[in-house]
Amino acid sequence: MRRLIPAMLALLVSAPASAAHWNVDYSGSKLGFTVQWSKEPFTASFKSWKAAIDFDTADLAHAKADVIIDLASEASDEADFDDGLKGAQGFAVQQFPAAHFTATSFVRKSANSYVATGTLALHGMTRPVVLPFTLTIAGNRARMAGHATLIRTDFALGQGMWAGTDPVAHEVTVTIDLVATKN
C-alpha cells in the first residue's frame, strides 16, 4: 500500500489538466457582423452556428474554442443584400458553406477582460484573428461579449466591382454575445 500511494500521487500530478466544458445557449446568444454599406451600417446575424468551448479562468493554458458558422444562415432586414452576400460575389455558400474559427490561445487582460487568438477559415482562406472579449461568470452560467475587426478582402470576399471600398467598406466588425452553462 505504501508504494501504491506515491504512484497514485504521481499519476494525479502528471495527468493533463482540462478546462471546463461549456454548453452554449443558442437561443440567448448572438453571432453577427456589421459593415458600412453605402456609408450606412449594415448589420446581419447568423442563425445557425455551433461552438465547442472548454474554458477555465484558472487554467487558460488548456482553454480552447471551436466555432462552425453556417454561412447560408446569414440574415438581416435587407433580403436583397442577403441574397447577394450568399452568392458568388459574397460568401459563395455553394462552394464555401461554413466558416470555422478556432481559438488556440487565451490571455487575461484584467479581472473580466480577455483576448482570444486563433484562426478563421472563410471563403477558402485561413487568417489569424484576435478576439478581445469580456466574461462574466455567475455560478455555472457565463456571458461572453466580444468583437473582432476583419478585412473582408483578406478572405477574398468581394470581387470585381465589390473589391473596392465603395459601396462596401473593407472593415467588418464581427460581434458575439454568448450565453453558456458549465457542463
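The values are calculated or read from the model by the stated rules, or taken from the named source; none is laboratory data. For clarity, every value in this text was computed on a predicted model and none was experimentally measured. Using ideal geometry, Cβ is built from the backbone for each residue, glycine included, and neighbour counts are taken over all protein chains shown.
Can you tell me which residue is modelled with the highest pLDDT among those in the range 76-96 that are over 20 Å from ALA169 (Cβ atoms) and aliphatic (A, V, I, L, M)?
Among residues in the range 76-96 that are over 20 Å from ALA169 (Cβ atoms) and aliphatic (A, V, I, L, M), the one modelled with the highest pLDDT is VAL93.
Could we say that ASP83 is surrounded by fewer than 14 Cβ atoms within 10 Å (Cβ to Cβ) and without any contact (Cβ under 8 Å) to a residue 40 or more places away in the chain here?
Answer is yes for this residue.
Spot the failing condition for THR104; the list is (1) in a strand (DSSP E or B); (2) surrounded by 14 or more Cβ atoms within 10 Å (Cβ to Cβ), and only one is missed.
So the condition that THR104 fails would be (2).
Do the conditions hold for THR181, that is, is it in a strand (DSSP E or B), more than 18 Å from SER45 (Cβ to Cβ), touching a residue at least 60 places away in the same chain (Cβ under 8 Å) and in contact with a strand residue (DSSP E or B) (Cβ under 6 Å, 6 or more places away or on another chain)?
Yes.
From the residues in the range 48-99 that are among the basic types (Lys, Arg) and not in a helix (DSSP H, G or I), which one is farthest from VAL35 (Cα to Cα)?
Among residues in the range 48-99 that are among the basic types (Lys, Arg) and not in a helix (DSSP H, G or I), the one farthest from VAL35 (Cα to Cα) is LYS64.
Conditions tested, residue by residue: (1) modelled with pLDDT of 95 or more; (2) among the hydrophobic types (A, V, I, L, M, F, W, C); (3) out of contact with any His (no Cβ under 9 Å at 6 or more places or on another chain).
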site	(1), (2), (3)
ALA116	yes, yes, yes
LEU120	yes, yes, no
ARG127	yes, no, yes
ASN140	yes, no, yes
GLY146	yes, no, yes
MET161	no, yes, yes
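Of the conditions (1) at pLDDT below 95; (2) touching a Lys or Arg at 6+ places or on another chain (Cβ under 7 Å); (3) not small (Gly, Ala, Ser), TRP22 fails just one. Which one is it?
(1)
Scan the range 22-42 residue by residue and report those that are closer than 18 Å to ASP177 by Cα, over 15 Å from the mean Cα position of the chain (by Cα) and exposed (fewer than 15 other Cβ atoms within 10 Å of the Cβ).
Scanning the range 22-42 gives SER27, GLY28.
As an exercise: evaluate VAL129 against (1) among the β-branched types (Val, Ile, Thr); (2) in contact with a Leu (Cβ under 6 Å, 6 or more places away or on another chain); (3) more than 26 Å from ILE53 (Cα to Cα) and give the number of the one condition it does not meet.
Going through (1) among the β-branched types (Val, Ile, Thr); (2) in contact with a Leu (Cβ under 6 Å, 6 or more places away or on another chain); (3) more than 26 Å from ILE53 (Cα to Cα) one by one, VAL129 breaks only (3).
Check HIS170 against each of (1) closer than 19 Å to GLY87 by Cα; (2) in a strand (DSSP E or B); (3) touching a residue at least 40 places away in the same chain (Cβ under 8 Å) and name the one condition it does not meet.
Failed condition: (3).
Looking at ALA65 and the list (1) at pLDDT below 95; (2) surrounded by 15 or more Cβ atoms within 10 Å (Cβ to Cβ); (3) among the small types (Gly, Ala, Ser), which single condition is not satisfied?
(1)
Between a first residue in the range 97-112 that is within 18 Å of ALA145 (Cα to Cα) and at pLDDT 95 or above and a second residue that is of a type in the set (S, T, N, Q) and loosely packed, with under 13 Cβ neighbours inside 10 Å, which pairs have beta carbons less than 8 Å apart while being 6 or more apart in sequence or on different chains?
ASN112/THR136
What number of residues within the range 112-166 are of a type in the set (Gly, Ala, Ser), surrounded by 13 or more Cβ atoms within 10 Å (Cβ to Cβ) and in a strand (DSSP E or B)?
8
Which of the residues spanning the range 167-176 are surrounded by 15 or more Cβ atoms within 10 Å (Cβ to Cβ), more than 17 Å from the chain's Cα centre (by Cα) and not small (Gly, Ala, Ser)?
Answer for the range 167-176, where residues must be surrounded by 15 or more Cβ atoms within 10 Å (Cβ to Cβ), more than 17 Å from the chain's Cα centre (by Cα) and not small (Gly, Ala, Ser): VAL168, HIS170.
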